[in-house]
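Undergrad: This is the structure, below, for whatever I ask next.
Every number in this text was worked out from the coordinates using simple rules, so none of it is lab data. Source: prediction; values computed, not measured. Cβ sites come from the backbone with ideal geometry, for glycine too, and all protein chains shown count toward neighbours.
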Amino acid sequence: MKHGIYYAYWEHQWKANYCYYVDKVARLGFDVLEIGCGSLPDYSKEQVSELKKHADDHGIILSGGYGPTANHNIASKDPKVRENALDWYKRLFEKMGELDMRMLCGALYAYWPIDFSNVDSKEEEWKRSVEGTRLLADAAAPYNINLGMETINRFEEYLLNTADECIAFVKEVGKDNVKIHLDTFHMNIEEDDIGTAIRKAGKLLGHLHTGECNRKVPGQGRIPWHEIGQALRDIQYDEMVVMEPFVLMGGEAGRDIKIWRDISKGASEEQLDRDAADAVCFQRYMLDWNR
Ligand SMILES: O=C(CO)[C@@H](O)[C@H](O)[C@H](O)CO
Ligand SMILES: [Mn+2]
């Protein structure tokens with residue numbers, strides 16, 4: 001099991017200087033840095049090789065998170081949008097390949113966060129999404145990239161809210177590199193039983209995000225970590241566990257994640273760092289059955 005953190009814990013925008021965060025997370029005791037992929041297709045050769053060198057020098061694995069914008073919606077009603085989205089993802093996969101990135105996760109089956117004033121019937125959306133995801137999977141396969149279909153709560157998404165829905169979706173897509181991606185924050189809202197959801201996902205679970213009920217770092221809240229650790233052991237989960245805390249107001253991230261108060265309580269960067277370092281120790285202890 002590899003333990004990671006999403007860079008946006010420290011940031012307000014959906015892009016950043018990832019070299020800085022590679023250095024930081026290596027120092028704090030992580031194995032993985034998850035980066036926001038929105039800016040990657042436009043990276044120059046130099047930017048790619050600089051980031052790759054940082055990651056290699058620090059022994060950090062990079063994974064990719066992406067909340068697709070509406071113009072990157074692979075399930076859009078508009079065929080032109082779907083076509084442009086696929087082209088954009090192809091450029092992304094090429095860059096991810098150069099960076100040795102093997103996981104892209106998020107609401108890749110549609111876009112995020114959803115504008116609920118403009119939704120189609122779930123059945124129609126699902127059908128287009130299955131087709132679009134198959135195309136994405138075929139484009140990602142030559143680079144050995146797995147796609148994590150993130151199961152997201154009802155206030156942000158409407159296609160995949162529960163593990164059951166994600167299992168059905170991934171099975172229908174039927175591509176080896178399309179995996180289930182669960183997130184403890186969303187599961188806390190939607191699942192009857194978090195352990196059961198993980199066990200049902202079983203070998204199809206390809207990625208896991210962690211965070212408390214209010215998106216603080218693991219260990220500062222009331223998510224049932226013992227139950228999750230037991231379920232991960234039951235399915236012998238051996239992929240990445242990436243914490244995704246969000247505690248800062250403002251910017252694109254504050255708006256999309258809906259942070260309307262300073263959850264960090266004015267924490268300095270040093271304090272955020274200490275909390276992350278404590279959280280990764282906690283997460284290894286609670287979840288890593290193979291440690
Ligand atoms: O859990 C979420 C959203 O609530 C994320 O994983 C999201 O997809 C990512 O933050 C976008 O970059
Ligand atoms: Mn998540």
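Undergrad: Just to be sure I understand, how many residues within the stretch 213-236 are touching a Lys or Arg at 6+ places or on another chain (Cβ under 7 Å) and within 16 Å of ligand 2 (Cβ to nearest atom)?
TA: Kept after step one, since they are touching a Lys or Arg at 6+ places or on another chain (Cβ under 7 Å), are these residues of the stretch 213-236: 213, 231, 234-235.
Filter once more, so that each one left must be within 16 Å of ligand 2 (Cβ to nearest atom): 213.
Summing the residues that are touching a Lys or Arg at 6+ places or on another chain (Cβ under 7 Å) and within 16 Å of ligand 2 (Cβ to nearest atom) in the stretch 213-236 gives 1.
Undergrad: Could you grab me the full set of residues in the stretch 237-275 that are among the small types (Gly, Ala, Ser) and more than 16 Å from ligand 2 (Cβ to nearest atom)?
TA: Step one: list which residues in the stretch 237-275 are among the small types (Gly, Ala, Ser), which gives 250-251, 253-254, 264, 266-268.
Within the stretch 237-275, 250, 251, 264, 266, 267, 268 qualify.
Undergrad: Continuing with the same structure: Answer with yes or no whether residue 222 is in a helix (DSSP H, G or I), more than 18 Å from residue 156 (Cβ to Cβ) and more than 20 Å from the chain's Cα centre (by Cα). Write out each step before concluding.
TA: Details: in a helix (DSSP H, G or I): no; more than 18 Å from residue 156 (Cβ to Cβ): yes; more than 20 Å from the chain's Cα centre (by Cα): yes.
Against the criterion (in a helix (DSSP H, G or I), more than 18 Å from residue 156 (Cβ to Cβ) and more than 20 Å from the chain's Cα centre (by Cα)), residue 222 does not qualify.
Undergrad: Considering only residues that are within 13 Å of ligand 1 (Cβ to nearest atom), on the phi > 0 side of the Ramachandran plot and touching a residue at least 60 places away in the same chain (Cβ under 8 Å), which ones fall in the stretch 207-257?
TA: Once the filter is applied, which keeps residues that are within 13 Å of ligand 1 (Cβ to nearest atom), on the phi > 0 side of the Ramachandran plot and touching a residue at least 60 places away in the same chain (Cβ under 8 Å), the stretch 207-257 yields only 251.
Undergrad: Specify the residue that is nearest to ligand 2 (Cβ to nearest atom); the eligible residues are those in the stretch 151-184 that are farther than 16 Å from residue 134 by Cα, assigned to a helix (DSSP H, G or I) and out of contact with any strand residue (DSSP E or B) (no Cβ under 7 Å at 6 or more places or on another chain).
TA: Filtering first and then ranking leaves 165.
Undergrad: In the stretch 55-98, which residue that is among the hydrophobic types (A, V, I, L, M, F, W, C) and assigned to a strand (DSSP E or B) is surrounded by the most Cβ atoms within 10 Å (Cβ to Cβ)?
TA: First pass over the stretch 55-98, keeping only residues among the hydrophobic types (A, V, I, L, M, F, W, C): 55, 60-62, 70, 74-75, 81, 85-86, 88, 92-93, 96.
After this cut, where a residue has to be assigned to a strand (DSSP E or B) as well, the list is 61-62.
Values: 61: 17, 62: 22.
Going through the qualifying residues, I end up with 62.
Undergrad: Separate question: Which one is nearest to ligand 2 (Cβ to nearest atom) among residues in the stretch 99-113 that are in a loop (DSSP other than H, G, I, E, B) and within 17 Å of residue 169 (Cα to Cα)?
TA: Filtering the stretch 99-113 for residues in a loop (DSSP other than H, G, I, E, B) gives 99-102, 107-113.
Filter again for within 17 Å of residue 169 (Cα to Cα), leaving 107-111.
Numbers: 107: 9, 108: 12, 109: 14, 110: 15, 111: 15 Å.
Looking at the filtered set, the residue picked out is 107.
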